[in-house]
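Structure first, then comments.
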Number of protein chains: 4
Amino acid sequence: MKFFSDNAAPVHPEIWAAMHAADHADTAYAGDALSARLDAAFGAMFGTPVAVIWAATGTAANGLALGALVDPYGAILCHREAHLEVDECGGPAWFTHGAKLLLVDGEGAKLTPDAINAVLGGLRGDVHQAVPQAISITQATEYGRVYTPAEVAAIGEVARERKLKLHMDGARFANAVASLGCHPGDVTWRAGVDVLSFGFIKNGAMSAEAIVFFDPDLAARTRFAHKSAGQLQSKGRYLAAQLLAMIDPDRAAGPLWLENAQAANASAQIVADAAAGRLLHPVQANEVFLSLTADEAASLRAQGFDFYDWGAGAARLVTSWVSPADEVALLAAALRGL
Amino acid sequence: MKFFSDNAAPVHPEIWAAMHAADHADTAYAGDALSARLDAAFGAMFGTPVAVIWAATGTAANGLALGALVDPYGAILCHREAHLEVDECGGPAWFTHGAKLLLVDGEGAKLTPDAINAVLGGLRGDVHQAVPQAISITQATEYGRVYTPAEVAAIGEVARERKLKLHMDGARFANAVASLGCHPGDVTWRAGVDVLSFGFIKNGAMSAEAIVFFDPDLAARTRFAHKSAGQLQSKGRYLAAQLLAMIDPDRAAGPLWLENAQAANASAQIVADAAAGRLLHPVQANEVFLSLTADEAASLRAQGFDFYDWGAGAARLVTSWVSPADEVALLAAALRGL
Amino acid sequence: MKFFSDNAAPVHPEIWAAMHAADHADTAYAGDALSARLDAAFGAMFGTPVAVIWAATGTAANGLALGALVDPYGAILCHREAHLEVDECGGPAWFTHGAKLLLVDGEGAKLTPDAINAVLGGLRGDVHQAVPQAISITQATEYGRVYTPAEVAAIGEVARERKLKLHMDGARFANAVASLGCHPGDVTWRAGVDVLSFGFIKNGAMSAEAIVFFDPDLAARTRFAHKSAGQLQSKGRYLAAQLLAMIDPDRAAGPLWLENAQAANASAQIVADAAAGRLLHPVQANEVFLSLTADEAASLRAQGFDFYDWGAGAARLVTSWVSPADEVALLAAALRGL
Amino acid sequence: MKFFSDNAAPVHPEIWAAMHAADHADTAYAGDALSARLDAAFGAMFGTPVAVIWAATGTAANGLALGALVDPYGAILCHREAHLEVDECGGPAWFTHGAKLLLVDGEGAKLTPDAINAVLGGLRGDVHQAVPQAISITQATEYGRVYTPAEVAAIGEVARERKLKLHMDGARFANAVASLGCHPGDVTWRAGVDVLSFGFIKNGAMSAEAIVFFDPDLAARTRFAHKSAGQLQSKGRYLAAQLLAMIDPDRAAGPLWLENAQAANASAQIVADAAAGRLLHPVQANEVFLSLTADEAASLRAQGFDFYDWGAGAARLVTSWVSPADEVALLAAALRGL
């Protein structure tokens, strides 16, 4: 029973179906009919004109997004435990040709205007230090925490004042929106986000993330970086098909991206309820961080649960769209039984 | 009737089947059971120990391969019309952090020892010029020409003498091997190739190329570049599945990669035979380059054939594993009718 | 008797004097009083507002200039024998993080609108090829040829039409202007040049070139690249002192940069006159390219003349501001005596 | 009376003399007679074979040194307040093409084996995190602290165990050695240092630092990076002259680098003695960090002393080889008088 990550879950049947439906020759690269529909489809979803580029990984989506926002001598503010900093090897510097990450502290891996201003205030503003040019926040955060629209807007306001661009790493954006119950535009462009890495792979897709540019001009130059970086797949229609199936507004039961995220979040809540006394962070998306002794961890593993330790005396359990209800129930029972 | 490229063809049914068979949770990234089998499977195929890394595009495969071979101040010899030079935007420099392409002339986009030595002989060997560190050849070439094992070995010999590494861009490696009828080891490691970008996407896969390192040590450091470059997909098992299905030695009818390539080549021969007087290059793989007046091109297009002009008075027609026999026959007839 | 290059000549006494005059503590980096005067001094010289950054080498000046003009996925058109292409190792890609050089042919290492348009016309304009973003011309060229104001303006016009920036590698800009007898603005900003690498080291300075930005905004971001690239010297006042002494408009005998260039050019003319039948290029600046057999070259060397062979049967002789009149006369006599 | 930095001090008369002595034509770049003597001269000084490359700035020296030690996907451990991290803009990433700095804590900007191991212990060792490949320590540190030979050796031991390379940023290496009274080999190669950025500019030179490779093979490839980075000056003999004059073992009064550093250190001690109760760090080289109220700082400035505030309630005063004895005495008196 796998609760170590949502990023290895299988592919949703409707995503398979959409890919099969694209299984005919079409123009290569991003010239196919499906890729051509992305801007309009995401624009309708977000309620504003956007330009969308698909990418095969979150690291590439983040890297290309940041590469559109900063210079090689620029700096990006992000949380000290951001995926950018601790999980992408040399990715951010690779895609920006050397930009620096300036690390910000914050509870639950969340940035705040004060914490951002504290880091900015520590800089001298001379040519001997990399120029801050962007802020990157993760929604939901690496600790499964969610920024409200007001919280994002407050950061967006700092960005505007400081002439910084705002990037959102939305590897679990769907889980965040499902948790917030808000319009996706409310926590993005309306709150000052310039580019969103909109993750689908953890949420039931196979191999497609969307880089959503709320300033379409930024996308134009990124297409050359996308090609140079080896991200422009010749059969891109299979990626576009995944994205379109995920956000299809005409799906009877509502959009798949939201349905899947809601399912994952609901499973996490069941686990959270069972582990109420142990929670290290409020459970707002699909990740549960627990205090857990080594013995308790061993006990859970002996019962067949697979998950990551998260430092000493702690563990991370992640649910996904596909987490079986019975396995979630067994996990909840096991946690109660510790 | 599409003859503009093999790179937009649909996905082979057995590839779909293999991907579906991988549709269960497993360890993420390259830690899954299928990815773990790649080295052994490709090693058996090539008859020598190898290390294999999957990538989503040929540009990424080439870039990561070259990044393992050259320094940012290094140079790579390739043909003036190589994909590296004319079709990968800034890819080679992106992945090598600045290495230079030194362009070599040669008939049919083929390099020869003499042509390579001519370029090397024009260099001064001082620090004011980028250091030649690798040769890259394309098999089959951008004009559908094929290097024989002896021809590759002759280039491999130059590489060894000059202390250069030898890379093979095998976007259509399958077509070349099918054409040559040789063992895949004969035109690669036995002939001095250090790294092969082994293409599958043009040959019926969806999104997986294999970077085959004949020196496994080179692969180890490349794994970090692979991650940094945003190529390490979390659901890598779907890529590994494609590769393993392609090279499965136990397939009753023989390996799929070879079957598909043979089919594409056979279709190209039918077209070539029909256009015998117009051939600009011998047809040795699955590409046919023809002299064709503008009127003739228009006539073919009016009959429903889709293909690229290739400069003035010339055209490129590409067959694929999936080119329907009837469409190929119609094309042949149309060419004869011009 | 050294005629192999002007780049190893000693330092002019007035440059030494200017450096000594700066030999007191001042603010470090580019914050000193002399560096602060550069923009105004060069602006007065060129007759237009400029921003100026010093650099220790021509490769750095060119690299920083181009880095201000192009993206990592961009391309720069330059001559096939440009210093950028054949003498700066990986410099252009180093400073631009991967931009590509597109090589243009042209007699005497000179570009023409037609030759530029021919290269641009061969590009497809899709994302699979690096985006042309700049043209770089060398004044005087690598063969000692000079662009007239009209010739530069014609290239500037192509640049404007094609939305390309125009860079001038002026390692021997002084020699060119001395040869043309024009105002320095006439062959630069008035003719469409955006950034000039203005060389002084070959012309009697020790270690300072000037990057002259005719669009001062371009300089602002370049200051961060300048620092990151390790070009921002803490005792920058010694570089500024060299530049200011070179262009001092109040010097009684006229500006030193022009006097030195005129001297070098005049010496070259003496040599050229003596070798009239052997000239491979018109001598318009301070370089003389001759046909010279191996025996003749040996004979000259036996008489004490030091110079470079320039391929088989040819040689390059370079005069400088300091070439002694007697040595020039001896060389002329020796050439006549061959 | 300037105590804000040693990096803007004038040039020592003997350095001027050495540069003037080089003022004749010679082979360009690093091919001159003086540059050719560097390896032997520094080798004799350090008591081991070395290869030496000059550079115009400390940022370039550090960058080229690190570029020889790490890959673009590698990481360098350095102190949180290291010059690399806070004073070189994007330099380290520029020269390494993206390597990451992993920040280590430590009193007085000094690293210890425990602190290094703590950071290494927090890494997972998978491909999702940049590979630690080097440690960089600053001697003397950014707080004017000095590593003893034993302290460096302990870090060298960690480096060896962990298969990391050890770089020393010796912008004030002379001050450190003068303070320690040890052989320069004792705190470098004998203690495990692989490459030293040996600073001379803060110690009386004009524009030359030395990159000292204790593994000469590492220098060979660096020469191409040195050229590509625009650091290879054509009149390199003026840089070599500065270095050779600095370390000349035949100088009657002992080597200049040591004499100058001793003078700067002695001045700092006078200041330190006068400010004994205010010292924020032991004064071991030529920097004095004091607690100083805003009123006290204003009082000193009113008396003509120029220095940097170092956060609230603190100040940095730096002496140099040229600090006049009377100004130092006045400063000491003023500090006593506060």
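The values are calculated or read from the model by the stated rules, or taken from the named source; none is laboratory data. All values derive from a computational prediction rather than experimental measurement. Neighbour counts run over all protein chains shown; Cβ positions are idealised from the backbone, glycine included. Ligands, DNA and RNA are stripped out before the accessible areas are found, and what is left, the full protein with its side chains, is counted by its heavy atoms. Shrake-Rupley method; radii C 1.70, N 1.55, O 1.52, S 1.80 Å.
Work through the residues other than D:LEU244 whose Cβ is under 13 Å from its Cβ and net out their charges, Lys, Arg +1 and Asp, Glu -1. Numbers along the way, then the final one.
Numbers: positive: D:ARG37, D:ARG237, D:ARG251; negative: D:GLU14, D:ASP32, D:ASP39, D:ASP248, D:ASP250.
My count for the surroundings of D:LEU244 gives -2.
Where the accessible area of the range A:257-336 is counted over protein heavy atoms with a 1.4 Å probe, how much of it, in %, is carbon and sulfur?
On the way: 1890 of 3330 Å².
That fraction is 57 percent.
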With θ set to phi - 60° and the Karplus curve 6.51 cos²θ - 1.76 cosθ + 1.60, what are the ³J(HN,Hα) couplings of the range D:110-126 in order, to the nearest whole Hz, using x for Gly and Pro? 9, 8, 10, x, 4, 5, 5, 5, 5, 5, 4, x, x, 8, 8, x, 9
Pairwise label distance in nanometres, C:THR48 with A:ALA312, each label 7 Å out on the Cα-Cβ vector: 6.7
What figure, in Å² to the nearest 10, do you get for the accessible area of A:SER35 with a 1.4 Å probe and non-protein molecules left out? 10
In square angstrom and rounded to 100, what buried accessible area do you get between chains D and A, total over both, with the probe at 1.4 Å? 1400
For C:ALA314, which sequence-distant residues (separation of 5 or more, or a different chain) have an amide H within less than 5 Å of its own amide H, given hydrogens modelled in the peptide plane? C:LEU292
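At a 1.4 Å probe, what is the % contribution of carbon and sulfur to the accessible area of the range A:12-247? Mind showing how you got there, number by number?
On the way: 3450 of 6380 Å².
Summing carbon and sulfur atoms, their accessible area is 54 percent of the total for the range A:12-247.
Can you give the helix-only mean residue ellipticity at 222 nm for chain A, where every DSSP H stretch with n ≥ 4 adds -39500 (n - 2.57) and the sum goes over all residues, rounded to the nearest 500 deg cm²/dmol? Present the calculation step by step, with values, prior to reporting the outcome.
Details: 13 runs with 138 residues, N = 338.
Helix-only estimate at 222 nm: -12000 deg cm²/dmol.
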Using a 10 angstrom cutoff on alpha carbons, build the Gaussian network for chain D and name the most mobile of D:ALA150, D:ALA253, D:ALA82. D:ALA253
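What number do you get for the protein assembly as shown when its Cα radius of gyration is normalised by 2.2 N^0.38 Å, N = residues?
After normalising by residue count via 2.2 N^0.38 Å, the value is 0.96.
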For the protein assembly as shown, what does the accessible surface come to per residue with a 1.4 Å probe? Please give it in Å². 31
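Can you give the FRET efficiency for A:SER299 and B:ALA17, using 1/(1 + (r/R0)^6), R0 = 45 Å, r = Cβ-Cβ distance, to the nearest 0.05?
Working: r = 40 Å, r/R0 = 0.89.
Efficiency computed from Cβ-Cβ geometry: 0.65.
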Using +1 at the Cβ of each Lys and Arg and -1 at the Cβ of each Asp and Glu in the range B:257-336, identify which of B:SER323, B:VAL283, B:ASN265 lies farthest towards the dipole's positive end. B:VAL283
If I build a Gaussian network model for chain A, linking alpha-carbon pairs within less than 10 angstrom, which residue out of A:SER299, A:SER323, A:SER197 has the largest mean-square fluctuation? A:SER299
Non-local Lys pairs in chain A, i.e. 8 or more apart or on different chains, that have alpha carbons under 30 Å apart: 16
Which residues qualify? For C:HIS79, with a placed amide H closer than 5 Å and at least 5 residues away or on another chain, they are C:VAL104
Hey, rough spin-label estimate for B:ASP114 and C:ARG251, points 7 angstrom out along Cα→Cβ, what's it come to in nanometres? 5.5
Just the Cα atoms of the range C:12-247: what Rg and Dmax do they give in Å? 17.1, 57
Find how many whole Å separate the alpha carbon centroid of the range D:275-319 from the alpha carbon centroid of the range D:28-88. 31
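Label the range B:211-250 by shape, choosing from rounded, prolate and oblate, from the square roots a ≥ b ≥ c of the eigenvalues of the Cα gyration tensor; if a/c is under 1.5 it is rounded, and otherwise prolate applies when a/b is larger than b/c, oblate when it is not. Don't jump to the answer; show the numbers that get you there.
Working: a/c = 3.79, a/b = 1.33, b/c = 2.85.
Oblate.
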Treating only the Cβ of Lys, Arg, Asp and Glu as charged (+1, +1, -1, -1), what charge dipole size does the protein assembly as shown show about its Cα centre? Round to the nearest 20 debye. 0
Who wins for biggest fluctuation among C:ASP217, C:ASP105, C:ASP126 in a Gaussian network model of chain C, springs between alpha carbons below 10 Å? C:ASP126
What is the P(r) of the range C:257-336, as percent of Cα-Cα pairs per 5 Å bin from 0? 3, 17, 29, 27, 16, 6, 2, 0
Would you kindly derive the ³J(HN,Hα) couplings of the range C:66-80 from the backbone phi angles with the Karplus curve 6.51 cos²θ - 1.76 cosθ + 1.60 (θ = phi - 60°), listing them in order in whole Hz, with x for Gly and Pro? 5, x, 7, 10, 10, 9, x, 9, x, 9, 10, 7, 8, 6, 4
Members of the range D:220-245 that become less accessible by 50 Å² or more once partner protein chains are added (1.4 angstrom probe, chain alone as reference): D:ARG221, D:PHE224, D:LYS227, D:SER228, D:GLY230, D:GLN233, D:LYS235
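Among the DSSP beta bridges whose two residues both lie in chain A, what percent are antiparallel, rounded to the nearest 5?
Working: 17 of 36 bridges.
Percentage antiparallel, nearest 5: 45.
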I'd like the Karplus ³J(HN,Hα) series for the range C:145-151: coefficients 6.51, -1.76, 1.60, θ = phi - 60°, whole numbers in Hz, and an x wherever there's a Gly or Pro. 9, 10, 7, 6, x, 5, 5
What residues have an amide H closer than 5 Å to that of A:LYS110, excluding those fewer than 5 places away on the same chain, when H is modeled at 1.01 Å from N in the peptide plane? none
By DSSP, what percent of the beta bridges with both residues in the protein assembly as shown are antiparallel, rounded to the nearest 5? 45
